[in-house]
Amino acid sequence: MGDLCCMCTVETSKYRCPCCRLRYCSLDCSKRHKERCVPKGEQSSPSVPDVLQTRDPILVENDESDAVPFLKLGLLGKSEELKQLLLNIHLRQLLVTLDETENKDEVLKNYMQEPLFVELADMCLSLINPEEKENILPK
């Protein structure tokens, strides 16, 4: 299953914006995207996408049981600490490579050996599941 269109979030994306690299599915979505497009490098700071603020259903990819509700994903966009971490150029390159690769499982497995990527993963998990952080025994 491919990535969903960044505009309608219903159809599978077939095209990629040459300016910001977001994906869209059709000419109509392309036109809507062009009106809002911020070329890569001109973005001020990461923010919560509109779709995360408006949809209640669970984000489901391949019907996995570990899907995260959109409202919880919205917590990621509100974290100043996460925004600061995402300013790291090396981390951004890792994320772009992961997004563009066909073999995401293998790349993700390798990235979990990168301390910077592990820091990102841990931070995201602690924001989404703060109660699990409380259950960890001190060393």
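Couple of notes before you dig in:
- For the stretch 10-33, the set of residues classified as assigned to a loop (DSSP other than H, G, I, E, B) and in contact with a strand residue (DSSP E or B) (Cβ under 6 Å, 6 or more places away or on another chain) consists of 13 only.
- Of all residues in the stretch 33-52, those that are surrounded by 16 or more Cβ atoms within 10 Å (Cβ to Cβ) and modelled with pLDDT of 80 or more total 1.
- Check on residue 59, of a type in the set (A, V, I, L, M, F, W, C), under 30 Å from residue 8 (Cα atoms), surrounded by 10 or more Cβ atoms within 10 Å (Cβ to Cβ) and at pLDDT below 90: yes
- Complete set of residues in the stretch 78-103 that are of a type outside the set (A, V, I, L, M, F, W, C) and within 24 Å of residue 19 (Cβ to Cβ): 83, 88, 90, 92, 93, 97, 99, 100, 101, 102
- Matching entry among 71, 75 (being in contact with a helix residue (DSSP H, G or I) (Cβ under 6 Å, 6 or more places away or on another chain), at pLDDT 70 or above and more than 19 Å from residue 3 (Cα to Cα)): 75
The values are calculated or read from the model by the stated rules, or taken from the named source; none is laboratory data. Because the structure is a prediction, the values reported are computed rather than measured. Backbone-built Cβ (ideal geometry, glycine too); neighbour counts: all protein chains shown.
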